[in-house]
1. Quick check, is residue 43 in a helix (DSSP H, G or I) and either open to solvent by 100 Å² or more (accessible area, probe 1.4 Å) or at pLDDT 90 or above (or both)?
2. Looking at residue 48, is it touching a helix residue (DSSP H, G or I) at 6+ places or on another chain (Cβ under 6 Å), charged (D, E, K, R) and open to solvent by less than 90 Å² (accessible area, probe 1.4 Å)?
3. Given the structure, is residue 105 of a type outside the set (A, V, I, L, M, F, W, C) and at pLDDT 95 or above?
4. Of all the residues that make up the range 111-154, how many are in contact with an Asp or Glu (Cβ under 9 Å, 6 or more places away or on another chain), closer than 23 Å to residue 83 by Cα and at pLDDT 90 or above?
5. Are there any helices (runs of 4 or more DSSP H) wholly within the range 62-152 with 2 or more residues that are more than 27 Å from the chain's Cα centre (by Cα) and without any contact (Cβ under 8 Å) to a residue 12 or more places away in the chain, and if so which?
6. Would a scan of the range 45-56 turn up a residue that is within 26 Å of residue 128 (Cβ to Cβ) and in contact (Cβ under 8 Å) with a residue 40 or more places away in the chain?
7. More than 15 Å from residue 92 (Cβ to Cβ), open to solvent by less than 40 Å² (accessible area, probe 1.4 Å) and small (Gly, Ala, Ser) - does that describe any residue in the range 130-139?
8. Quick check on my filter: what residues within the range 153-162 are in contact with a Lys or Arg (Cβ under 8 Å, 6 or more places away or on another chain) and either aliphatic (A, V, I, L, M) or part of a loop (DSSP other than H, G, I, E, B) (or both)?
Amino acid sequence: MKGYDLSMLKNILKYLSLAGVITVVGLGTLFFIQYLQYRNSPEYQTKKFLEEWEKAYREDMYGGDTPEETLQLFIDALKKGDTDIAAKYFIIDEQEKWKTRLSETKDKNLLSNLIAKIEMVKITKKTDEEAYFSLIDKDNIAVSEIIIAKNPYSKKWKIYEM
């Protein structure tokens, strides 16, 4: 009778161990599937996008310590004909667009006209976060404006709009 109880106990332990392994594998699979679903969810994709966007802004060191310095660095890059560097003085979201525009302006031999206009702008308003530069015509009307804003992550001033 004792041998029968021991054999039965071994079988019960074997089946309990097997049930435990199946439970662990099942739960592991369930958590893995939930993880994959989360990784493909809009919430995760948005979070990942925002983290990458913030990292790009944090690591962006182009720009001056003042809006005037940023504008001068931009003009200096244009005078050298380096439209790739000049585009880096814009906020990150606008850099590709301005890289193309400035390159097209250079290809049309119009950089000197652009530089001349930018050199004529005067600062019209400045706060701790933004500065407005305007090109004023002879009738004292603003014909164009450049807005330079402080990057909150790197503290460098970037061209926001032109």
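1. yes
2. Judged against the criteria, residue 48 is not a match.
3. Taking the combined requirement at face value, the residue satisfies it.
4. 12
5. Hits in the range 62-152: 111-119.
6. Yes: the range 45-56 contains one or more residues that are within 26 Å of residue 128 (Cβ to Cβ) and in contact (Cβ under 8 Å) with a residue 40 or more places away in the chain.
7. Yes; the residues of the range 130-139 include at least one that is more than 15 Å from residue 92 (Cβ to Cβ), open to solvent by less than 40 Å² (accessible area, probe 1.4 Å) and small (Gly, Ala, Ser).
8. 153, 154, 156
The values are calculated or read from the model by the stated rules, or taken from the named source; none is laboratory data. The structure presented is a predicted model; accordingly, all values stated were derived computationally and were not measured. Glycine also receives a Cβ, built like all others from the backbone with ideal geometry; neighbour counts cover every protein chain displayed. With ligands, DNA and RNA removed, areas are computed over all heavy atoms of the protein, side chains included. Shrake-Rupley method; radii C 1.70, N 1.55, O 1.52, S 1.80 Å.
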